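Comments concern the structure below.
The values are calculated or read from the model by the stated rules, or taken from the named source; none is laboratory data. Note that this is a predicted model, so its numbers are computed, not measured. Glycine also receives a Cβ, built like all others from the backbone with ideal geometry; neighbour counts cover every protein chain displayed. All accessible areas refer to the heavy atoms of the entire protein, side chains included, with ligands and DNA or RNA removed. Shrake-Rupley method; radii C 1.70, N 1.55, O 1.52, S 1.80 Å.
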Amino acid sequence: MEISVSYENYPDSQDTLIIKKKLAEGKFVIYHAQSASKKTNFALKVFPKNSTGTAHYIREKAVCKLTHPNVIRYIPITTYQSKFHALLSELATNGDFFELVTNNFLDTEFLMRTYFHQLVEGLEYIHSQGIAHLDLKLENLMLGSDYNLKIIDFDQAQAIKEGSIKSAGTVGYRAPEVINRTCQDLQAADIYS
């Protein structure tokens, strides 16, 4: 399958993304895609359009400006599809932290400290930009091509200034105040997760 896109930072540039394979399927499907012109590999998250032609992806679209070594980099695109919108991001090629933990790959204190430090750095940066992630979990922490931790999946994210939480996050990772729907400190909810 091929998808025609233009890069929003370069509106006159047209490209074709070639879908290589499905990477994940949860609330939305994520594909491994390759640029036909640049041969660069990406992750492409697809958001189906509803009957009015809109799609639920505004929260993630808002994080396209985040630039930090421990936060997945989004590339703003326009797709020319009638059935879906999509978000393009760098491809984190070396697995997620759920896999690393369950397969005992983080078996040294040095590795654990290194990745914990990278998680804190990435989260501090996200918070400094006025955004709370609100769905931090092992599956939303990936290893990039350089083996650095990358925070991904901003579907539940919201602006810190909004105050009260709108999303519920993932069961088992929620702070008590998130479960009770009384959370007023979105940064603290991220820290708990």
Rounded to the nearest Å, the spacing of the alpha-carbon centers of region 19-33 and region 65-79 is 17 Å
Each label sits 7 Å from Cα toward the beta-carbon; between Lys39 and Ser164 the label points are separated, in nm, by 5.5 nm
Longest principal axis of the chain (C-alpha) makes with the long axis of helix 109-128 (C-alpha) an angle, in degrees to the nearest 10, of 70 degrees
The chain, convex hull of Cα, quarter of hull surface, nm² -> 11.8 nm²
Result for the chain: accessible area per residue, probe 1.4 angstrom, in square angstrom, of 55 Å²
Rounded to 0.05, the calculated FRET efficiency for the beta carbons of Arg113 and Thr93 at R₀ = 25 Å is 0.60
So, with points 7 Å from each Cα along the Cβ direction, the His127-Glu2 label distance in nm works out to 4.7 nm
The chain, Gaussian network, Cα under 10 Å: of Val120, Val63, Val178, the residue fluctuating most is Val120
